[in-house]
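Input: a single structure, listed below in structure tokens.
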Amino acid sequence: MSVVMTKDGTGIFFKDWGPKDAQPIVFHHGWPLSSDDWDNQMLFFLAHGYRVVAHDRRGHGRSSQVDTGHDMDHYASDASAVVEHLDLRNAVHIGHSTGGGEVARYVARYGEPQGRVAKSVLIAAVPPLMLKTGTNPGGTSITMFDGLRKALADNRAQFFLDVPSGPFYGFNRPGAKASQGIIENWWRQGMMGSALAHYEGIKAFSETDQTDDLKAITVPTLVMQGDDDQIVPYKDASLLQAKLLKHGTLKIYPGLPHGMMATNADMINEDILSFIKI
């Protein structure tokens, strides 16, 4: 396997496909999945001549199931370890959900200061802050995240069936046609990872304030989200991201769910490709 070792001894699994002299696109997956969640996009952009790279977050997929570092700082540092190991430059970084938070922190703290990033894309991403606080009244109550932690601890296998069968892909909506393959692939990816990483990751994606990360990003950034996202409310996510970014382009998709790059891959892929080519 292709693995890079981080400074704290964590093995981060990664994929690196395509011409090594082509512009790289780096994909950052959501919670509690793995780089496999980007299979469709990686094949699409590979076919368009790009170099495509994706890694499994620490504790997820095939990366080390360590008991430390399940926070946005380490997520970004681990991503940087992969990028530096491959010496990627002029890269486009694309992140979904928690991976969007990882992209924002990586680009702000590593990618731009090192001159390695050309553009970024945030898809249904968690920044600036999911948790409802006194200064973030539109956020989600801590009781909801506590409920996620309890469901995970009580029966992770069932929980990881319930999420993709329902709100993640909008399969709980009237008239929705569920894909059993998508549901089982979500479950497969989730169960590959560490229960501890997933449990502590809930705090990372819900309580990390990334306002300053968004403000620090100067590269062109495409912000994409469906307005029927039942996981990350778009009014407290993409709408705020677009306001905080210096060069943000906002695209809201009527009726699309959180996992829209799986349910509507053709449209999402073409929109990303158009943005990269600008």
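The values are calculated or read from the model by the stated rules, or taken from the named source; none is laboratory data. These numbers were taken from a predicted model, which means no experiment stands behind them. Glycine gets a Cβ as well: all are built from the backbone with ideal geometry, and neighbour counts include every protein chain shown.
Go through region 223-237 and give me each residue that's surrounded by fewer than 24 Cβ atoms within 10 Å (Cβ to Cβ) and touching a strand residue (DSSP E or B) at 6+ places or on another chain (Cβ under 6 Å). Passing the criteria: 227, 234. Checking the stated criteria, residue 265 turns out to be surrounded by fewer than 17 Cβ atoms within 10 Å (Cβ to Cβ) and under 17 Å from the mean Cα position of the chain (by Cα).
The criterion of being among the hydrophobic types (A, V, I, L, M, F, W, C) and in contact with an Asp or Glu (Cβ under 8 Å, 6 or more places away or on another chain) does not hold for residue 195.
Checking every residue in region 149-160 against the condition of being within 16 Å of the chain's Cα centre (by Cα), surrounded by 19 or more Cβ atoms within 10 Å (Cβ to Cβ) and not in a strand (DSSP E or B) gives zero matches.
Yes/no per residue for (1) touching a strand residue (DSSP E or B) at 6+ places or on another chain (Cβ under 6 Å); (2) not in a helix (DSSP H, G or I):
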| residue | (1), (2) |
| --- | --- |
| 184 | no, no |
| 202 | no, no |
| 209 | no, yes |
| 213 | no, no |
| 239 | no, no |
| 246 | no, yes |
| 249 | yes, yes |
| 256 | yes, yes |
| 274 | no, no |
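Helices (runs of 4 or more DSSP H) fully within region 1-119 that include at least 2 residues being within 23 Å of residue 148 (Cβ to Cβ) and touching a Pro at 6+ places or on another chain (Cβ under 8 Å): 98-106. Out of the residues in region 164-182 meeting the condition of being in contact (Cβ under 8 Å) with a residue 24 or more places away in the chain and not in a loop (DSSP other than H, G, I, E, B), tell me which one is surrounded by the fewest Cβ atoms within 10 Å (Cβ to Cβ). Among them, the one singled out is 182.
Looking at region 185-204, can you tell me whether even one residue there is among the polar types (S, T, N, Q) and over 17 Å from residue 98 (Cβ atoms)? Checked region 185-204: at least one residue is among the polar types (S, T, N, Q) and over 17 Å from residue 98 (Cβ atoms). Residues in region 79-110 that are surrounded by fewer than 24 Cβ atoms within 10 Å (Cβ to Cβ) and either charged (D, E, K, R) or modelled with pLDDT under 95 (or both): 84, 87, 89, 109.
Of the residues that sit in region 183-192 and are out of contact with any Ser or Thr (no Cβ under 7 Å at 6 or more places or on another chain) and surrounded by 14 or more Cβ atoms within 10 Å (Cβ to Cβ), which one is farthest from residue 226 (Cα to Cα)?
Among those that are out of contact with any Ser or Thr (no Cβ under 7 Å at 6 or more places or on another chain) and surrounded by 14 or more Cβ atoms within 10 Å (Cβ to Cβ), it is 191.
Of the residues in region 58-70, at least one is charged (D, E, K, R), modelled with pLDDT of 95 or more and within 16 Å of residue 200 (Cα to Cα).
Within region 112-141, residues that are among the basic types (Lys, Arg) sit with their Cβ atoms under 6 Å from residues that are in a loop (DSSP other than H, G, I, E, B) and at pLDDT 95 or above, at 6+ positions apart or across chains, in these pairs: 116/89; 119/219; 119/220; 132/139; 132/141. Residues that are part of a loop (DSSP other than H, G, I, E, B) and touching an Asp or Glu at 6+ places or on another chain (Cβ under 7 Å) were ranked within region 131-148; the one that is surrounded by the most Cβ atoms within 10 Å (Cβ to Cβ) is 139.
Restricting attention to region 34-61, the residues that are without any contact (Cβ under 8 Å) to a residue 40 or more places away in the chain and surrounded by fewer than 20 Cβ atoms within 10 Å (Cβ to Cβ) add up to 5.
When restricted to residues that are more than 14 Å from residue 272 (Cβ to Cβ) and either within 15 Å of the chain's Cα centre (by Cα) or touching a residue at least 40 places away in the same chain (Cβ under 8 Å) (or both), region 10-23 contains 7. Exactly one residue out of 256, 196, 273, 244 is within 17 Å of residue 108 (Cα to Cα) and in contact (Cβ under 8 Å) with a residue 60 or more places away in the chain, and it is 244.
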